[in-house]
Each structure stands twice: as C-alpha cells, then as structure tokens.
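Everything below concerns the one structure shown next.
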Protein chains: 2
Amino acid sequence: MNGRPPRADALRNRARVLEAAGAVFAERGTAASTEEVARRAGVGIGTVFRHFPTKESLLEAALAGLMEELADRARALEDAADPGAAFFGFFSEVVRRSATKNALSGALAEAGVDALRAGGEAGPALKQSLGTLLERAQGAGAVRADVGAAEVMALLAAMTHAAGLGGGTGALAVVFDGLKAP
Amino acid sequence: MNGRPPRADALRNRARVLEAAGAVFAERGTAASTEEVARRAGVGIGTVFRHFPTKESLLEAALAGLMEELADRARALEDAADPGAAFFGFFSEVVRRSATKNALSGALAEAGVDALRAGGEAGPALKQSLGTLLERAQGAGAVRADVGAAEVMALLAAMTHAAGLGGGTGALAVVFDGLKAP
DNA sequence: TGACAACCGGAGTGCTCACTCCGTATCTTC
DNA sequence: GAAGATACGGAGTGAGCACTCCGGTTGTCA
C-alpha cells in the first residue's frame, strides 16, 4: 500500500508542529494563524501544510492529541479503589486543566461536535473510558443511576466552557450535588 | 451638547441593521461578514459602518439587544405566584432559546466576559433580575440557599453553550436537581 | 417649495490569511 | 560516498474582510 517509512526529520517536524499547534491554539484561540504555529514550531509554513493539508486538519489533529491525553488519564483511573472519588476527581481535573489552557474550551466548543464524532479515535476512546468511570461510580452508589455517558459528556463540556467565566468552584459543586445519588 | 435629533430614516435603518445583525450572527456565528448583515438589512455597507463604526461595536450592540430581551423576560416573572417555577422556567427558557438560535451561544461565549461586564446596561440588568428571581425562589424553599447569582449565571452560560451539543434535557435535569434545596 | 444639512450606497483600499510552488537541502540506501 | 528520493523553506497568489470616501439622494425646516 505505502512504500517506505517517512524520513526521520519528517517525523520530528510533524511532532513539533503538533505540539506548537496545541500551545498556540490554546493561547490565542483557533483564529490564530498557521504562520504563528510554524514560527513556534521552528519550521516553514510549507512544512506545516505538507503534514496537515488544511488548517482544519491541523486543528483536528491538535484536538485529537488533547483528547487522547484525557482519555489516557481516564483509563489510568479505571482501577481506582474509590470509584466515586475517581469519577469526580477526573471531572474536576478536566475542568481545571481547561481553565488554565484558556481557549481549549473555545476550541472544544467550535469544533466540538466534529471532535467528539470524527476526531480520530480519541473521541470514542474518551467517551468509553468516561463511561467506565461512570458505571463504576454508579455501582459504588456515588452517582445516581439514571444518567448516561452522553449527559456526563454534555455536562463536562459545559463546565469546561464555563470555567473561563469565573463562578467556577461553586457552579461545579452544584453540578456534583446533582450527580450524586439521592 | 448634541444639535438635532437624528433623521427618521437613520433611526429606521439603525433598527433594521441591529435586527439583521442579531439574526445573521445567530445563524452564521460571529465570523459572519458585515456585508452579509448589510444585505440582510437591505442597506449599504457604508450605512452599517456609519451607525456602528466597528464590527466589534455592532456585535456588542446586537448582544446587548438580546440580553435586554432576556432581562425583560426575567423582570416579567418577578411577581409570579410560584417563585420556584418562575426561576426554573426562566432558566430552561433561556437555554431552549439559545439552542434554537444556534450560535447565540457561541456569541455569548466569545464575547461573553465583555458582554456581561461592559455590554451596555443590559448585562447588569439581567444579573439583577436573575438575582431577584433567585432570591424569591430561595425564599420559597425551591432553591438551596448557599448559591449566589454569580454561580447561577455561570451555570446558565454553561448550559446555554452545551445546549448545542445534544445531551440537553438530561443534563439540565441534573443541574436543576443540584440547585434544589436538600 | 426651495435650500441645506443629514444620510445613503457601494466601489475602492489595504491588509491578513490559507494555501501553492519550486529551487535547495537533507536523509537513506547501496 | 554518490545517487536518488524525500522533505524543507519561504516568497508568491488569490480570496475575503473590515473599513473609507465621496457623488448622489432624501428628509427637514422655514
């Protein structure tokens, strides 16, 4: 199907571009120019467009990377001793992280649907890991039984987004109370 | 200070532009071009820029108009017989409306902080009316006493935003349960 | 109704951005 | 270490956008 493996510098540059894209889009929002990503990565624009033929594809790839990180974190918590703490801890960690990397929330929002649906394999992976975390927490009686992964994902996206607006901790506490078993 | 009142056509056009801006930005997002707003309003671009010297000012004005609508709605509910129903009803009405006018949520998000803080007088007005609704609902025992207007605004913004993502009704129910008195 | 100010329309301007192209440099293979 | 494939850099291209400018039009007031 495909001839040779890619050259070593190509691989290195691809990784650099991806990292720079994550940083730039998080700081400046998704409206940041491709040229700035190239500058940050220390490569020419041509290189960026060779690896990611379109700005949209670059955004998707950067987003997929971030979601993969989250999915890994979720998987690591699947065997935790206290499923309730694992679930709520993961939830607030995601919110907190997104608050710091200011505009990740914006990116998740703009490309949101696309990211969850078609964002490589990381989207489904995150959803599944989150589902496992949720089920275990429900099994332990820490979370009410009548909510599904979809609702939790929606709440996570919502609170991630609102984290940039201020009234963070209190609002999160309200949501957590709503999620706890009666 | 100022000489004459503005001409009648100027007033008419200003209103048309504002209405068109609200519709266009809600449908196409805030990235929609000023020219499209002008087309929709049936005026020339020059006219748009005479009334709103900058695209940002146009956005602000359109947003302020929407928030004023919401503030009016909130004020109308201040004397309702059932404060709890008024509060939760208002909350879900705002979320529902934003879901329909798809990208109002995006607009509220992007310009969010600016809108709440400096968006004319509508921002504070909304916050105050919402505060009144909240206090009355708390007085009636329908909402827990340890949440403030800031948390509710944050939750409102969050759920407004997430409404476009799908898992709407269930997620909202969770938040409402979290808001209810124990 | 005439005269003047206020207002309108929309072609034009300058800028930014995504994306292309190709001469040059670097890696890989034998 | 030489040949050939692969990848790089960055000036260049075209499209789109916010915003300006001014000749023409319309409302207003006496």
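Scan region B:160-180 for residues that are in contact (Cβ under 8 Å) with a residue 24 or more places away in the chain and closer than 18 Å to B:Ala85 by Cα and the total you get is 4.
Within region B:1-13, which residues are open to solvent by 100 Å² or more (accessible area, probe 1.4 Å) and either within 7 Å of DNA strand C (Cβ to nearest atom) or modelled with pLDDT of 95 or more (or both)?
Narrowing region B:1-13 to residues open to solvent by 100 Å² or more (accessible area, probe 1.4 Å): B:1-2, B:4-5, B:7, B:12.
Those that are open to solvent by 100 Å² or more (accessible area, probe 1.4 Å) and either within 7 Å of DNA strand C (Cβ to nearest atom) or modelled with pLDDT of 95 or more (or both): B:Arg4, B:Arg7, B:Arg12.
Note on region A:16-40: residues that are farther than 16 Å from A:Ser57 by Cβ and aliphatic (A, V, I, L, M) total 3.
So, in region B:44-84, how many residues would count as being among the hydrophobic types (A, V, I, L, M, F, W, C) and within 16 Å of DNA strand C (Cβ to nearest atom)? Here the count works out to 6. Exactly one residue out of A:Ala32, A:Ala76, A:Ala21 is among the hydrophobic types (A, V, I, L, M, F, W, C) and either in contact (Cβ under 8 Å) with a residue 12 or more places away in the chain or within 16 Å of DNA strand D (Cβ to nearest atom) (or both): that is A:Ala21.
Looking only at residues in region A:42-60 that are under 25 Å from A:Gly123 (Cβ atoms), touching a helix residue (DSSP H, G or I) at 6+ places or on another chain (Cβ under 6 Å) and touching a residue at least 24 places away in the same chain (Cβ under 8 Å), the one that is nearest to DNA strand D (Cβ to nearest atom) is A:His51. Within region B:1-29, the set of residues being in contact with a His (Cβ under 8 Å, 6 or more places away or on another chain) and either under 18 Å from B:Glu68 (Cα atoms) or in a loop (DSSP other than H, G, I, E, B) (or both) comprises B:Arg14, B:Val17.
For region A:81-93, the condition holds for no residue, the condition being that it is within 12 Å of chain B (Cβ to nearest Cβ) and either open to solvent by 30 Å² or more (accessible area, probe 1.4 Å) or at pLDDT below 85 (or both). Among the residues of region A:42-55, those identified as in a helix (DSSP H, G or I) and either among the hydroxyl-bearing types (Ser, Thr, Tyr) or more than 12 Å from A:Ala21 (Cβ to Cβ) (or both) are A:Ile45, A:Gly46, A:Thr47, A:Phe49, A:Arg50. Name every residue in region A:15-56 that is at pLDDT 95 or above, open to solvent by 90 Å² or more (accessible area, probe 1.4 Å) and under 20 Å from the mean Cα position of the chain (by Cα), in order of residue number. Those that are at pLDDT 95 or above, open to solvent by 90 Å² or more (accessible area, probe 1.4 Å) and under 20 Å from the mean Cα position of the chain (by Cα): A:Arg16, A:Glu19. When restricted to residues that are touching a residue at least 12 places away in the same chain (Cβ under 8 Å), closer than 14 Å to A:Phe176 by Cα and in a helix (DSSP H, G or I), region B:123-159 contains 1.
The values are calculated or read from the model by the stated rules, or taken from the named source; none is laboratory data. Worth saying up front: this structure is predicted, and the values here are computed from it rather than measured. Note that each Cβ is placed from the backbone with ideal geometry, even for glycine, and that neighbours are counted across all protein chains shown. Surface areas here come from the heavy atoms of the whole protein model, side chains and all, with no ligands, DNA or RNA. Shrake-Rupley method; radii C 1.70, N 1.55, O 1.52, S 1.80 Å.
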